[in-house]
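Everything on this sheet refers to the single structure shown next.
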Amino acid sequence: MKPKLKLALCIALPLLVWAIPTSWLGIDGLTVVEHRLIAIFVMALVFWILEPIPLYATSLLIIFLELVLISDKGFYLFMRGVDKEAMGTLLPYQDILATFASPIIILFLGGFFLALAATKFQMDISLAKTLLRPFGTKPAHVLLGLMIVTAVFSMFMSNTATTAMMLAVLAPVLRSLHPGDRIRTAFVLAVPFAANIGGMGTPIGTPPNAISLKYLAGADAIGFSTWMSFAVPYVILLLAFLWGTLLIFYKPQTAEIKVRIEGGFQKNWKSLTAAATFLITILLWLLDFWHGMNSYIVALIPVVVFSLTRIITAVDLRDISWDVLWLMAGGIALGMGIERTGLAANIIAGIEFSSYSPVFIVFLATLITVLMATFMSNTATANLLLPLMAILGTSVSSLAGLGGVRMIVLAVAFSSSLAMSLPVSTPPNAIAYAAGGIKTKDMFKTGALVGVVGLAALYLMMAVLRKVGFLG
């Protein structure tokens, strides 16, 4: 699609929704604020799918439009001539702006600081060398080691940064392979897929996980260690399947690989402080049930320590993925609007979900999530769907028997990370594809199969969690 046509479509659709009379939308009791929020939602949907502007720019536009159109300090011309009851609930402008400093943003910021320090002092390279050494020289074993190391890193670092780093680590491995060996394709595919899978292992591994925590509050709240207790076994299962699939599709022809990774850990007081802080932060995340601090507060430890000690300087801060944080902030603002204005409850009430089987509802929700995340950012998908799913979990009584809010929010968060069949599906996929050595058909064949098996394993995991009482 031509850029001008794409932009015209992105502008026309939200304006059309804005112009349609409220009564035409078919939602009983729809207020002016909710009508405007639907237009903003449609704008976010088409902008995030077609990307006429960067994803983070769409998020900034969402926040700006909410401030102007549906906040208690909005532009007065948009508020004139509408009585209070018809207008509906206006959002406090402070709450909309506060999404830039949401606990979810702070959690990810802490993860970014850890990743930045690890890269700056080559802790990541040193760990990669150490962790790959036990896997020997056989291609199948080195492939497994590469996947495990990538998955572990992506649990605590951005999976995008992890992919970029591990592709650099992979370069000497590829040089030692014969140019015609099909296992080369397996190695390149293993990095982004293992990063996508590993990111599901912790709340900070991928943005959809962190976003889901916003909707898991009160009795449904999940701690860092609790998340890992069920997510890590799921990750291990998918990694094992991925490893076997890659070996079947791309059988190695080289008998032995010699892995030589250049570089190593820089030993000075700053690097040792960074390593100690890294270890302490992860331990505190894992022991949240013991010390009582939640993961958001713990995430501030590396931010404070690295800033005070100048381990991370003002120059280093430019390397933080601020675009990811802004993308998440826009999604949080959109979700907050959908939830607080009552729009989500009205939409859910307008559909007879009670007539559907709760199992079918969960299946449909995860299927829609995977399909959307295949063609657009999984973060954007989570931003759009999770607020609706959270209300669905509380509104539909039949879902309570399956686990209610906790179950459906987790199902959508995990399924958004299972979309990895195309280069555009996730940033790790795009980086690996751009690096060369793989074709779209290779990524689609393996990624689609992993996605299908991942969904089946997700349903199994949910059944087990319900059996042990975790989902109620």
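Assorted remarks:
- Some residue of region 306-328 being of a type in the set (S, T, N, Q), out of contact with any His (no Cβ under 9 Å at 6 or more places or on another chain), within 19 Å of residue 122 (Cβ to Cβ) and in a loop (DSSP other than H, G, I, E, B): yes
- Count of region 267-303 residues, restricted to those that are under 15 Å from residue 110 (Cβ atoms) and out of contact with any helix residue (DSSP H, G or I) (no Cβ under 9 Å at 6 or more places or on another chain), is 2.
- Among (1) surrounded by 13 or more Cβ atoms within 10 Å (Cβ to Cβ); (2) modelled with pLDDT of 85 or more, the one test that residue 266 misses: (2)
- Among the residues here, residue 203 qualifies as at pLDDT 85 or above, of a type outside the set (Ser, Thr, Tyr) and assigned to a loop (DSSP other than H, G, I, E, B).
- Conditions (1) closer than 26 Å to residue 86 by Cβ; (2) touching a residue at least 12 places away in the same chain (Cβ under 8 Å); number of the one not met by residue 351: (2)
- Residue 225, sole failed condition from (1) touching a Leu at 6+ places or on another chain (Cβ under 7 Å); (2) surrounded by 24 or more Cβ atoms within 10 Å (Cβ to Cβ): (2)
- Filter result (of a type outside the set (Ser, Thr, Tyr) and without any contact (Cβ under 8 Å) to a residue 60 or more places away in the chain) within region 373-400: 373, 385, 388, 391, 392, 393, 396, 399
- Just one of (1) out of contact with any Gly (no Cβ under 6 Å at 6 or more places or on another chain); (2) modelled with pLDDT of 85 or more; (3) small (Gly, Ala, Ser); (4) not assigned by TED's automatic domain parsing to the domain that holds residue 297 fails for residue 110. It is (4).
- Residues (over 22 Å from residue 468 (Cα atoms), of a type in the set (S, T, N, Q) and either crowded, with 24+ Cβ neighbours inside 10 Å or under 16 Å from the mean Cα position of the chain (by Cα) (or both)) located in region 383-420: 383, 416, 417
- Checking the stated criteria, residue 454 turns out to be modelled with pLDDT of 90 or more and surrounded by 15 or more Cβ atoms within 10 Å (Cβ to Cβ).
- So residue 298, is it part of a helix (DSSP H, G or I), modelled with pLDDT of 80 or more, in contact with a His (Cβ under 9 Å, 6 or more places away or on another chain) and over 30 Å from residue 65 (Cβ atoms): yes
- Residue in region 340-351 that is of a type in the set (Gly, Ala, Ser), closer than 18 Å to residue 218 by Cβ and either touching a Gly at 6+ places or on another chain (Cβ under 6 Å) or part of a helix (DSSP H, G or I) (or both) present: yes
- Residue list for region 206-225, filter: hydroxyl-bearing (Ser, Thr, Tyr) and modelled with pLDDT of 90 or more: 212
- Residue ID - farthest from residue 324 (Cα to Cα), chosen from residues in region 58-74 that are surrounded by 17 or more Cβ atoms within 10 Å (Cβ to Cβ) and free of Cβ contacts under 8 Å to residues at least 40 places away in the same chain: 74
- Filtering 418, 399, 422 for residues that are more than 29 Å from residue 63 (Cα to Cα), in a loop (DSSP other than H, G, I, E, B) and hydrophobic (A, V, I, L, M, F, W, C) leaves a single hit, 422.
- Filter result for residue 47 (free of Cβ contacts under 8 Å to residues at least 60 places away in the same chain, within 16 Å of residue 327 (Cβ to Cβ), surrounded by 22 or more Cβ atoms within 10 Å (Cβ to Cβ) and touching a helix residue (DSSP H, G or I) at 6+ places or on another chain (Cβ under 9 Å)): yes
The values are calculated or read from the model by the stated rules, or taken from the named source; none is laboratory data. Note that the structure is predicted; figures quoted are calculated from it, not measured. Cβ sites come from the backbone with ideal geometry, for glycine too, and all protein chains shown count toward neighbours.
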